[in-house]
Amino acid sequence: MSKSLVIVIAEGSEQDALYPNLKKIGRKLRIHFEIMGTDVFTAKENANKSPKAIVGNIIKEITSKPEFNKKDIKLVIQLTDTDGVYIPDDKIIIDDSQQEKTKYTYKDIRVNNSNQLQMITHRNSKKRAALNTLSRTEKVAKTVNYKILYFSRNLDHVISDDADTPKSKKTKEADAFSNSFATPYDFEDFFTTSDFTVDGTYDTTWNFIKSDARSLEKFSNFQLIFDMLREIANN
């Protein structure tokens with residue numbers, strides 16, 4: 001009997017950071033990471049596509065490969081960064097004294113010119129709408145079970161306490177994080193008992209991150225994945 005298939009859609013270094021220990025925890029399952037290399041919700045090629053269509057196209061591409069079959073997919077889990085998209089627009093502030101085009105704090109997003117302000121405001125609006133839709137979505141590609149989990153402000157923020165980790169160091173930091181746990185259960189404990197863990201149901205954790213400036217702060221509901229995997233493995 002073939003193992004139940006779980007697809008994890010991610011942006012970048014999540015596979016290096018998460019897969020080795022997830023594979024051990026979900027050893028009764030076939031877990032496949034699909035790395036997109038970009039934020040699919042703000043990518044130019046997806047500008048005119050609905051959030052569900054974006055995810056549906058990813059699944060269609062995966063299942064076009066001979067080693068995957070749509071009927072074997074028990075769950076698609078998408079991992080996303082929150083990027084501060086839930087802050088009010090008046091918390092995107094021009095500071096022409098800063099060198100960086102965009103600078104994130106725990107309270108606001110600072111940009112150095114009006115064009116960048118317009119770009120970040122538009123990005124936030126678009127991604128916020130996508131996350132609002134998908135956090136309430138139970139099925140994609142018509143029949144596939146779906147959940148979306150977040151790292152706030154991004155994965156690096158959670159695993160290394162540095163949301164501004166340079167791209168050149170992301171893989172190294174991800175590998176170091178993955179290798180830092182003596183057992184996969186220590187890995188699970190990190191996500192379930194840390195200060196950044198957002199307790200509660202799936203809906204509760206999403207309501208939490210959408211409030212105030214929490215999408216800029218250090219929070220995650222990734223711990224929900226463990227019960228999701230166990231439920232699939234036991235059914």
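The values are calculated or read from the model by the stated rules, or taken from the named source; none is laboratory data. Here the structure is a predicted model, which is why all the values come from computation and not from measurement. So basically every Cβ, Gly included, is an ideal-geometry build from the backbone, and we count neighbours across all protein chains shown.
Within the set T165, T171, T205, the sole residue that is in a helix (DSSP H, G or I) and under 28 Å from A129 (Cβ atoms) turns out to be T205.
Of everything listed in (1) in contact with a Leu (Cβ under 6 Å, 6 or more places away or on another chain); (2) under 27 Å from I35 (Cβ atoms); (3) of a type in the set (A, V, I, L, M, F, W, C), the single unmet condition for V111 is (2).
Quick grid of which residues meet (1) under 21 Å from I7 (Cα atoms); (2) of a type in the set (S, T, N, Q); (3) touching a residue at least 40 places away in the same chain (Cβ under 8 Å); (4) touching a Cys at 6+ places or on another chain (Cβ under 6 Å):
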position	(1), (2), (3), (4)
L149	yes, no, yes, no
T165	no, yes, no, no
K170	no, no, yes, no
F177	no, no, yes, no
G200	no, no, no, no
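Exactly one residue among S215, S178 is crowded, with 18+ Cβ neighbours inside 10 Å, of a type in the set (S, T, Y) and more than 26 Å from T105 (Cβ to Cβ), and that residue is S178.
Taking the criterion of being in contact with a helix residue (DSSP H, G or I) (Cβ under 9 Å, 6 or more places away or on another chain), surrounded by fewer than 21 Cβ atoms within 10 Å (Cβ to Cβ) and in a loop (DSSP other than H, G, I, E, B), the only residue of the stretch 148-162 that qualifies is D162. Inside the stretch 131-147, residues that are assigned to a loop (DSSP other than H, G, I, E, B) and either over 13 Å from T205 (Cα atoms) or hydroxyl-bearing (S, T, Y) (or both) make up a count of 6. Of note, Y106 does not satisfy the criterion of being within 22 Å of A43 (Cβ to Cβ) and outside any helix (DSSP H, G or I).
The C-beta contact set for the stretch 114-129 (first residue assigned to a helix (DSSP H, G or I), second residue exposed (fewer than 12 other Cβ atoms within 10 Å of the Cβ) and modelled with pLDDT of 95 or more, distance under 8 angstrom, 6+ apart or interchain) comprises T121/D89; N124/D89. Taken together, the criteria exclude V6 from residues that are surrounded by 15 or more Cβ atoms within 10 Å (Cβ to Cβ) and part of a helix (DSSP H, G or I). Residue count for the stretch 43-53 under the criterion of being farther than 22 Å from K74 by Cβ and surrounded by 17 or more Cβ atoms within 10 Å (Cβ to Cβ): the result is 1. Looking across the stretch 9-20, just one residue is of a type in the set (S, T, Y) and either assigned to a helix (DSSP H, G or I) or surrounded by fewer than 22 Cβ atoms within 10 Å (Cβ to Cβ) (or both), and that is Y19. Checking I77 against (1) outside any loop (DSSP other than H, G, I, E, B); (2) more than 19 Å from the chain's Cα centre (by Cα); (3) in contact (Cβ under 8 Å) with a residue 12 or more places away in the chain: exactly one of these is not met. Which one? I77 satisfies all of (1) outside any loop (DSSP other than H, G, I, E, B); (2) more than 19 Å from the chain's Cα centre (by Cα); (3) in contact (Cβ under 8 Å) with a residue 12 or more places away in the chain except (2). Restricting the stretch 21-42 to residues that are out of contact with any strand residue (DSSP E or B) (no Cβ under 6 Å at 6 or more places or on another chain) and β-branched (V, I, T) leaves a set whose member that is surrounded by the fewest Cβ atoms within 10 Å (Cβ to Cβ) is T38.
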